[in-house]
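Step one of this worksheet: look at the structure below.
The values are calculated or read from the model by the stated rules, or taken from the named source; none is laboratory data. The model shown is predicted, which means the values in this text are computed figures rather than measured ones. Here the Cβ is made from the backbone with ideal geometry for all residues, glycine too, and neighbour counts use every protein chain on show. Calculation scope for accessible area: heavy atoms of the full protein, side chains included, ligands and nucleic acids excluded. Shrake-Rupley method; radii C 1.70, N 1.55, O 1.52, S 1.80 Å.
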Amino acid sequence: MAETDSGKPLVIIGAGGTGGHMFPAAAFAEEMRSRGWHVGLMSDARGLRYAETFPADWKEEVRAASPNLRKPWTLPGAALKIRGGINSAARTMKRLKPALVAGFGGYPAFPALSAASRLKVPILIHEQNAVLGRVNRRFSGKAAIVASGFERLDRLPGGAVHHPVGNPVRAPIAAKREVPFPPMDGELTVFITGGSQGAKILGDIIPLAIANHTPATLRARLKVVQQVREEQMDAVRAIYEKAGLDHELKSFFSDMPEQLAAAHMVIARSGAGTVSEIAAVGRPSILIPLKIAMDNHQEANAEALVDAGAADMIVEDNLYPNLLGELITVRLQDEIDLKNRASLARVTGTVTAARDLADLAEQAARR
């Protein structure tokens, strides 16, 4: 393995775009550092905004862009940015001689992976979703190992060495894995969370479903904890207050591990991180995939829990208050089934992904 001046091997991580790419990369970085590796991070300005606490020895901003074929006039400028980012990444790699480059997706990972390919540095890919993203897809055929967050991995090219290891989850989430399913002889908690993109529909539909399409006997026992967009807060609060429902509304929950552990049911989008955290803690869920997600990957993510019998999925086109309310009622009124779904979710989940991914990284670096 190539080593830095300190004698420690170096892994350079290419990731960015969203926290969905950065958070698993950070968990991997922490594990690699615990094994005596140096860690460097390459991303663009947007990606580095998610990296204030990223556990890297150094961080480098590289220029990157996402080519938009619908706006062909922007392509020359995007190509110049990408070329500049690749050249910058290559200069750093020639100087530091990394043992491995690990790509976690997002277009800001492209310069690091492209430079690694050019310089024959071993590449490890980790795909969080059940469908390979565009950047990971581009380099998966050149990677020593393609790891993934789900057993299913669509768009994987033939010949690629695929290892489904799961998605690394944050330590506070992993710590909740042993918290028992909450007792069902009193209050029933429904936790509702949704990403910033397209989350308006969750604020529009879910309160109506719970307030108007669940029986009064159930509503009397419910506590609704819901992430709501700021502009919807007053309207959602009015619906719950009119129905006499116990509720807690916030635009952001900083205590996600505690909320998941306390929930009898989770209603959420099906981003890779969300699905993996629900499974790691082991809670039944109703998943509503983001309709505009690239390659419909959120629906593919949701199917991992649906096929295991741990979750229900409702696509946006079928998200009606009466349908959702009836489903919530059926699930919460069957204690045996709900606990079984929680157990099945937990079986599907893992908290060892960062460790298993680091094992693969060290294996790839020795090749």
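Quick notes on this one:
- Counting only residues at least eight positions apart within a chain, or on another chain, the lysines with an alpha carbon under 22 Å from that of LYS81 are LYS59, LYS71, LYS94.
- Relative packing of 337-344, 10-17, which averages over residues the other C-beta atoms within 10 Å, highest first: 10-17, 337-344
- Positive-end residue, the range 250-331 charge dipole about Cα centroid, Cβ charges, pick of ASN318, SER285, ALA304: SER285
- All C-alpha to C-alpha distances of the range 315-367, sorted into 5 Å bins beginning at zero, yield P(r) values of 4, 15, 12, 11, 13, 11, 8, 9, 8, 6, 3, 0 percent in whole numbers.
- Surface/4 estimate of mean projected area, convex hull on alpha-carbon atoms of the range 219-367, nm²: 11.0 nm²
- Calculated over the range 130-213: convex hull of Cα atoms, volume per residue (Å³): 175 Å³
- Theoretical ellipticity at 222 nm over the chain - DSSP helices of four or more residues, -39500 (n - 2.57) apiece, nearest 500: -12500 deg cm²/dmol
- Fraction of accessible area attributable to carbon and sulfur, the chain (%, probe 1.4 Å): 51 percent
- Around the Cα centre of the range 137-287, unit charges on the Cβ atoms of Lys, Arg, Asp and Glu (plus for the first two, minus for the last two) sum to a dipole of about 640 debye.
- Selected from GLY194, GLY282, GLY19 as most flexible by GNM, with the chain as the system and alpha-carbon contacts under 10 Å: GLY19
- In terms of its Cα atoms, the chain spans 68, 47, 37 Å along the principal axes, sorted from long to short.
- Within straight-line cross-link reach of LYS200, aspartates and glutamates at Cα separation under 17 Å, skipping those fewer than 8 residues along the same chain: GLU230, GLU231, ASP234, GLU316, ASP317
- Qualifying lysines (Cα of each under 20 Å from Cα of LYS242; at least 8 residues distant if same chain): LYS223, LYS250
- Most tightly packed first, judged by the mean number of other beta-carbon atoms within 10 Å of their residues, the peptides 159-165, 230-236 read 159-165, 230-236.
- Here the calculated FRET efficiency for ASP185 and SER117, from their Cβ-Cβ distance with R0 = 51 Å, stands at 0.30, rounded to the nearest 0.05.
- Å² per residue, accessible surface of the chain at 1.4 Å: 44 Å²
- Globularity index of the range 138-288, i.e. its alpha-carbon radius of gyration over 2.2 N^0.38 Å: 1.24
- Cα-based Rg / Dmax (Å) for the range 14-144: 13.9, 47
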